[in-house]
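Below is one structure, written out as structure tokens; the observations come after it.
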Amino acid sequence: MIHDDRLASRRQILATGASTAIGLVLAADDGFSQQALSPTPACHNGEVPTRPEIEGPFFKPASPLRGDLREPGMAGRPIELAGYVLTRSCRPVAGALIELWHADDQGEYDNKGFRLRGHLFADTKGHYAFRTIMPGLYPGRTRHFHVKVQAAAESPVLTTQLYFPNEPRNREDDFFHPALVMQVAPSDDALRARFDVVLAQR
């Protein structure tokens, strides 16, 4: 699980550097404009927590701390996934751990290494941001990101999946749910996606 002994030590060692890492990711200028997307979902006091979904067969623990999952020469349309981790009463969850993994543009997962896998910690406002590529399709599934979110080392882990709007395969995918659709907008030659995660805590 994501909250094993390695996670506790990882939090202690890396928490100080996490905000710096996030800041460096956001400071890079490589085709992402600063176009704003409105919160998804809109947060109200007493908000329904983000819907959990299955982990799937391709999760791999101990991913590297990084907000940019891209590598030199990697094919695929760039996308930034950003948002906030919030409680049901809309309070930011500072330092929340967010883990992201997904298929490459050909629909393949790296199960030997950590290609297109990583984690980071939300900043003091609960904000997180990953830079990666748009995942490809594979049989039986629509495009999706896998995500795990944990408020603290001993807290429950939310495991879910995030989906793209207007994908033809959405209606054919047994795991797709409209509550997990990201807001997505074009940004030069890249995409910007937004999803605010609401944890089941006050």
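Looking at the stretch 112-129, can you tell me whether even one residue there is over 24 Å from Leu199 (Cα atoms), open to solvent by less than 10 Å² (accessible area, probe 1.4 Å) and of a type outside the set (S, T, N, Q)?
Within the stretch 112-129, one or more residues are over 24 Å from Leu199 (Cα atoms), open to solvent by less than 10 Å² (accessible area, probe 1.4 Å) and of a type outside the set (S, T, N, Q).
Could you grab me the full set of residues in the stretch 103-145 that are assigned to a loop (DSSP other than H, G, I, E, B), within 27 Å of Val93 (Cβ to Cβ) and aromatic (Phe, Trp, Tyr)?
Phe114 - this is the single residue of the stretch 103-145 that is assigned to a loop (DSSP other than H, G, I, E, B), within 27 Å of Val93 (Cβ to Cβ) and aromatic (Phe, Trp, Tyr).
Assess whether Thr142 counts as being at pLDDT 95 or above, farther than 19 Å from Val85 by Cα and open to solvent by less than 60 Å² (accessible area, probe 1.4 Å).
When the stated conditions are applied, Thr142 passes them.
Of all residues in the stretch 54-64, how many are within 17 Å of Thr132 (Cα to Cα) and surrounded by fewer than 16 Cβ atoms within 10 Å (Cβ to Cβ)?
Matching residues across the stretch 54-64 total 1.
Output the residues belonging to the stretch 172-193 that are of a type outside the set (A, V, I, L, M, F, W, C), under 23 Å from Tyr109 (Cα atoms) and open to solvent by 20 Å² or more (accessible area, probe 1.4 Å).
Glu172, Asp174, His177, Arg192
The values are calculated or read from the model by the stated rules, or taken from the named source; none is laboratory data. Keep in mind that this is a model prediction, so the values were computed, not measured. Note that we place each Cβ from the backbone using ideal geometry, even for glycine, and neighbour counts take in every protein chain shown. Quick note on the areas: whole protein, heavy atoms, side chains included, nothing else; ligands and nucleic acids left out. Shrake-Rupley method; radii C 1.70, N 1.55, O 1.52, S 1.80 Å.
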